[in-house]
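**Student:** Provided herewith is a single structure, encoded as structure tokens, for subsequent inquiry.
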Amino acid sequence: MWHDVRSLNATASGLMAAVVIACLASGVWWLSQLPMFTLRTVRVDSVHGTELQHVNKLTLRAGVVGRIKGNFFTTNLEQVRTAFEAVPWVRRATVRREWPDQLIVEVEEHEALGTWGEDGRLLSVKGDVFTANLAEADEDHPLPALDGPEGSEKEVLARFLELRAMFAPISLVPEKLDLSNRYAWTVKLDNGMIVALGREQDKTTLKQRVQRLVGIYPQLASRLQDGIDTIDMRYQNGLALSAAALVLPEDPHKPVKAAPKKAVKPNSTSTSSKIKQRQ
């Protein structure tokens, strides 16, 4: 008998608790639907507190707000974050609620370092490949052209920064860097010279080859003043080069000489001076 009474009391208590929970849930839902919790503001800020360079806050907010569903309590913050990160130039976004009717979105922009591949994409200073307006990126600084196999973006970026520092002593700047599918490096410098650096046997391979080139380059440049087209640094103790100004001797035992400079035609002033002197 007592067992039955206790069972009935437990059942009644369980039902009562369930009713209370249901009432509370209903009340919370009702409160959450009140107009005062309708989202009224979406504020966009920069993650670093600086002005955004390529993302217009008003345009960004206007383009995303229409896709936000729900109110202060029911809005899915992950979906909002994804919507903002789908906008060109946005690298990362964080979203949080601010009582009682506001969302705060902090945006981090991509900073373009160069182009990537041949399909118009960009590579950021953090090694991220993204798609945006190339004309906008060119406004910041000239963009070097970088390329490599899929997944090599960060490696190519690291090598580009290293090569930029290595060539600085001879005042040359890499403007194109390519890593082939066989993982061989080729760099084009801002004087038009193309340098084949080959594959890396170890961590010092590229450094040693570039240092060897930097050491001898002033002599090469002084002898071939019209410019060097290509240099192959894949030799252990030497190099091979091609240059329009290089003349091969008929006698293979004679040293190679630079081509003579083309005579410059005198202008009208110098011609008339010679005529006067002759007279």
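The values are calculated or read from the model by the stated rules, or taken from the named source; none is laboratory data. Note that this is a predicted model, so its numbers are computed, not measured. Every residue, glycine among them, receives a Cβ derived from its backbone with ideal geometry; neighbour counts consider all protein chains shown. All accessible areas refer to the heavy atoms of the entire protein, side chains included, with ligands and DNA or RNA removed. Shrake-Rupley method; radii C 1.70, N 1.55, O 1.52, S 1.80 Å.
**Student:** Please give the FRET efficiency for Asp119 paired with Glu51, using the beta carbon to beta carbon distance and R0 = 22 Å, rounded to the nearest 0.05.
**Tutor:** Given R0 = 22 Å and the Cβ-Cβ separation, E is 0.15.
**Student:** Let me ask another. How much area per residue is accessible in region 25-168 when the probe is 1.4 Å and only protein heavy atoms are counted (Å²)?
**Tutor:** Value for region 25-168: 56 Å² per residue.
**Student:** Counting only protein heavy atoms, what percent of the accessible surface of region 29-172 is carbon or sulfur at a 1.4 Å probe?
**Tutor:** Result for region 29-172: 52 percent of the exposed heavy-atom area is carbon or sulfur.
**Student:** Per q in 0.12, 0.18, 0.20, 0.21 Å⁻¹, report the Debye log10 I(q)/I(0) for region 36-139, using one uniform scatterer on each alpha carbon and no solvent.
**Tutor:** Once normalised to I(0) and log-transformed, intensities are -0.43, -0.84, -0.98, -1.05.
**Student:** Which aspartates and glutamates, if any, have their Cα less than 20 Å from the Cα of Lys57, not counting same-chain residues under 8 positions apart?
**Tutor:** Asp45, Glu78, Glu85, Glu98, Asp101, Glu106, Glu108, Glu109, Glu111, Glu136, Glu139, Asp140
**Student:** Quick check for me: using +1 on Lys/Arg Cβ and -1 on Asp/Glu Cβ, what's the dipole size of region 108-244 about its Cα centre, in debye to the nearest 20?
**Tutor:** Roughly 1040 debye for region 108-244.
**Student:** Within a Cβ distance under 14 Å of Gly192, other residues only, what is the Lys/Arg minus Asp/Glu net charge?
**Tutor:** -2
**Student:** Given a Förster distance of 30 Å, report the FRET efficiency between Arg164 and Ala86 from their Cβ-Cβ distance, rounded to the nearest 0.05.
**Tutor:** That gives a FRET efficiency of 0.40.
**Student:** How big is the equivalent ellipsoid of region 161-218 along its three axes, where each semi-axis is √(5λ) from the Cα gyration tensor, reported in whole Å from largest to smallest?
**Tutor:** 18, 14, 9
**Student:** Whole Å is fine, so just give me how far the alpha carbon centre of region 162-218 lies from that of region 46-120.
**Tutor:** Cα centroid to Cα centroid, the span is 39 Å.
**Student:** Taking the Cα-to-Cβ direction at Glu98 and at Phe130 and moving 7 Å from each Cα, how far apart do the two end points lie in nm?
**Tutor:** So the label points at Glu98 and Phe130 sit 2.3 nm apart.
**Student:** Given charges of +1 on the Cβ of Lys and Arg and -1 on the Cβ of Asp and Glu, with all other atoms neutral, how large is the dipole of region 39-136 about its Cα centre, in debye to the nearest 20?
**Tutor:** 480
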